[in-house]
1. All but one of (1) touching a strand residue (DSSP E or B) at 6+ places or on another chain (Cβ under 8 Å); (2) farther than 25 Å from A117 by Cβ hold for M1; which doesn't?
2. When the residues of segment 88-113 are narrowed to those that are in contact with a Leu (Cβ under 8 Å, 6 or more places away or on another chain) and assigned to a loop (DSSP other than H, G, I, E, B), which ends up nearest to L177 (Cα to Cα)?
3. Do we find a residue being touching a Lys or Arg at 6+ places or on another chain (Cβ under 7 Å) and either among the aromatic types (F, W, Y) or not in a strand (DSSP E or B) (or both) anywhere in segment 160-171?
4. Given the conditions (1) hydrophobic (A, V, I, L, M, F, W, C); (2) farther than 25 Å from K198 by Cβ; (3) modelled with pLDDT of 95 or more, report the number of the one that L58 does not fulfil.
5. Kindly check whether there is at least one residue in segment 52-74 that is part of a helix (DSSP H, G or I), of a type in the set (A, V, I, L, M) and surrounded by 13 or more Cβ atoms within 10 Å (Cβ to Cβ).
6. Would you check if A99 is surrounded by fewer than 16 Cβ atoms within 10 Å (Cβ to Cβ), over 16 Å from H140 (Cα atoms) and out of contact with any strand residue (DSSP E or B) (no Cβ under 8 Å at 6 or more places or on another chain)?
7. Identify the residue in segment 20-51 that is of a type in the set (D, E, K, R), over 11 Å from F83 (Cβ atoms) and buried (at least 17 other Cβ atoms within 10 Å of the Cβ) and, among all such residues, is modelled with the highest pLDDT.
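The values are calculated or read from the model by the stated rules, or taken from the named source; none is laboratory data. Computed from a predicted structure; not experimentally measured. Note that we place each Cβ from the backbone using ideal geometry, even for glycine, and neighbour counts take in every protein chain shown.
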Amino acid sequence: MKSRWSDSEARQFCDRYAPRCGDALALRVYTSRLIGAEADLVMHGGGNTSVKVAKENLLGDRLEALCIKGSGWDLDSIEPQGFPAIDLGWLRRLRKLEALSDEEMVNQLRTHLFDAAAPNPSVETLLHAFLPHTFIDHTHADAILALTNQPDGARLIREALGDRVVVVPYVMPGFRLAKLAAEMFEGKPDADGMVLLKHGLFTFAA
């Protein structure tokens with residue numbers, strides 16, 4: 001796949017968006033649109049991206065926040081407001097729980113938004129939160145699914161990508177998947193990426 005990155009375009013996005021949302025989120029908007037423009041990576045706006053930033057609350061406290069693609073937004077046309085910001089410190093504390101229903105997970109996400117009017121965060125928010133990286137991309141890449149949707153998908157993907165990726169067995173998106181993926185990444189912290197069998201690919205950068 002050919003890189004679509006352009007230094008001049010990246011600067012344009014920073015000039016346009018950084019004054020109100022900061023450089024990191026401005027670049028997250030730009031790179032999300034690059035991903036969204038690749039039909040082989042996303043279908044009908046699918047996949048999600050995130051960035052971890054510092055935000056100030058009403059009392060002037062500086063808090064870590066996770067800005068992640070919200071429901072109703074397509075990656076190829078997303079704007080900064082399409083990334084609802086959530087209290088990252090709280091999200092990380094949820095990992096201590098043994099179980100968390102989908103309904104309560106959604107409640108926890110919504111009650112810890114910085115803006116109550118923001119769109120619903122992605123169902124995979126906790127997976128993004130539990131990983132340590134600043135920028136995280138999750139795509140439903142055709143090439144990955146073509147291999148991992150087969151009965152011997154784990155073997156095929158390891159043959160294709162080698163031992164530099166974490167291979168996570170299929171689990172429905174939600175709390176249980178987030179905990180499992182984070183635990184498996186911690187067993188290989190120098191991994192270049194993470195493949196979720198029959199689901200997609202996670203890539204990340206500091």
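1. (1)
2. Among those residues, the one meeting the criterion is L100.
3. Keep residues of segment 160-171 that are touching a Lys or Arg at 6+ places or on another chain (Cβ under 7 Å), which gives 166-167, 170.
Imposing the further condition that a residue be either among the aromatic types (F, W, Y) or not in a strand (DSSP E or B) (or both) reduces the set to 170.
Yes, there is a match, as at least one residue in segment 160-171 is touching a Lys or Arg at 6+ places or on another chain (Cβ under 7 Å) and either among the aromatic types (F, W, Y) or not in a strand (DSSP E or B) (or both).
4. (3)
5. As a first pass, look at segment 52-74 and keep what is part of a helix (DSSP H, G or I): none.
Looking through segment 52-74, none of the residues is part of a helix (DSSP H, G or I), of a type in the set (A, V, I, L, M) and surrounded by 13 or more Cβ atoms within 10 Å (Cβ to Cβ).
6. Details: surrounded by fewer than 16 Cβ atoms within 10 Å (Cβ to Cβ): yes; over 16 Å from H140 (Cα atoms): yes; out of contact with any strand residue (DSSP E or B) (no Cβ under 8 Å at 6 or more places or on another chain): yes.
Yes: the conditions hold for A99.
7. Residues of segment 20-51 that are of a type in the set (D, E, K, R), as a first pass: 20, 23, 28, 33, 38, 40.
Restricting the remaining residues to those that are over 11 Å from F83 (Cβ atoms) gives 20, 23, 33, 38, 40.
Right, trim to buried (at least 17 other Cβ atoms within 10 Å of the Cβ) and you get 33, 38.
Working: R33: 97, E38: 91.
That would be R33.
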